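Notes to accompany the following structure.
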Amino acid sequence: MNLEQWRDLTPQQRFGIPIFEAYTHLTFSNIEIEGEPHYDPQKPTLFISNHDCIIREAILLNYIRRQHGLDKATLMVGENLFGNRIKSFLVNFERVKSVPRGQGMGIDLAALTKDELDAGFAAWLSHSRGRSKDGHHITASPLLANLTDERVYGSLEQLFDSINIQPYIVSTEYEPTAPYLAGKKSNEILGKDGQAIASGLFGWKGQAKVVFRPPLEPTTSHKELESTLNNEIQANYPLFQTHEDAEEERSQVPHKKWKTEPVVLDNFSGHFRRQIRKLTEKQRIAFVNYHTTPVVEQAAALEKLKKAS
């Protein structure tokens, strides 16, 4: 980061940089990066990622961009995270834009995103409104359609002429937000989102793999664009031994029983076993299924790509 970029930061953002630098060094054993955070000054980039954690994918994007000497991307963050002082304090470390949530607010989100891109900033959006609690990585259909609304870019052709859409994927060896996948009583001060943010920030995540895919090629329909984005995220989602162990454990019973069959703790070892052991039976099932789903999704996505070729 150069002096000019530093001067553009708010005091809170300057204070946040060493905190998040420590975050990456103390809560990960290693962060492996595949691909590049492509940056074309003539054509701003919209990063669209999976959404396994409330803020992990967003924070790592700007951490990596800083390492490459690039300006921070604007993180399009739901307004619900600004209702609590502690949560808003955390998210305001970054360059963020508060965006509306709820029924019928998708056009406003798309328009605010376009404003940031038109101003020359890169921007980040998650591919679904809420974080994944079941391990599925499926793009919300209205997300892409709203970007081509007549009040935003107007058409798919204009969308691709104006910006790069780059899939960006983050996966971690361990998921510290485990108790919140199957529900946990809300903390009076932090709330469920605040608890999940705190766990996601300060919990041990082991290895992480970050994948930057090339910008998407133009498509002729929203359905094709949505399918392409889904395949990019699902087929290239990095899998760890924890995912493989979870899939192997669940495969011992019929698929229809995955949501009810108790987890056999002896099938796991190390930190992953310790994580599971602390959970209730309901949470254990949700947690193991959460790690199993990306394995199943990836196999299906790769098979689809194979048939298409």
Notebook entry, point to check: Over segment 239-309, what per residue volume does the convex hull of the Cα atoms give, in whole Å³?
Noted result: 81
Next item on the list: At 0.36 nm per residue, minus the direct Cα-Cα distance, what do residue 273 and residue 36 gain on full extension? Give it in nm, one decimal, please.
Entry: 81.9 nm
Item checked: residue 149-residue 241 FRET efficiency (beta carbon distance; Förster radius 35 Å; 0.05 resolution) -> 0.20
Next item on the list: Go through 195-201, 270-276, 237-243, 28-34 and give me the packing order, highest mean Cβ count within 10 Å leading.
Entry: 195-201, 237-243, 270-276, 28-34
Notebook entry, point to check: Considering only Cα-Cα distances, which of the following residue pairs are longer than 22 Å: 133/209; 223/257; 114/304; 72/223?
Noted result: 223/257; 114/304; 72/223
Next item on the list: Subtract the Cα-Cα distance of residue 255 and residue 161 from 0.36 nm times their separation in residues, and report this length gain in nm to one decimal.
Entry: 29.5 nm
Margin query: Applying a 10 Å radius around every beta-carbon, put 55-63, 137-145 in order of their mean neighbour count, most first.
Written below: 55-63, 137-145
Item checked: Label-point separation, residue 108 to residue 305 (7 Å along Cα→Cβ), nm -> 3.7
Note to self: Could you sort the peptides 69-80, 171-182 by per-residue average Cβ neighbour count (10 Å cutoff), highest mean leading?
What the structure shows: 171-182, 69-80
Next item on the list: Give the Kirkwood hydrodynamic radius (Å, one decimal) of segment 109-178, defined as one over the mean of 1/r across all pairs of different Cα atoms.
Entry: 13.8
Check: Semi-axes of segment 158-299's equivalent ellipsoid from the Cα gyration tensor, sqrt of 5 times each eigenvalue, largest first, rounded to whole Å?
Finding: 31, 20, 14
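Read the figures in this text as sums done on the coordinates, not as results from a lab. Please read all numbers here as calculations on a predicted model, not as lab measurements. Backbone-built Cβ (ideal geometry, glycine too); neighbour counts: all protein chains shown.
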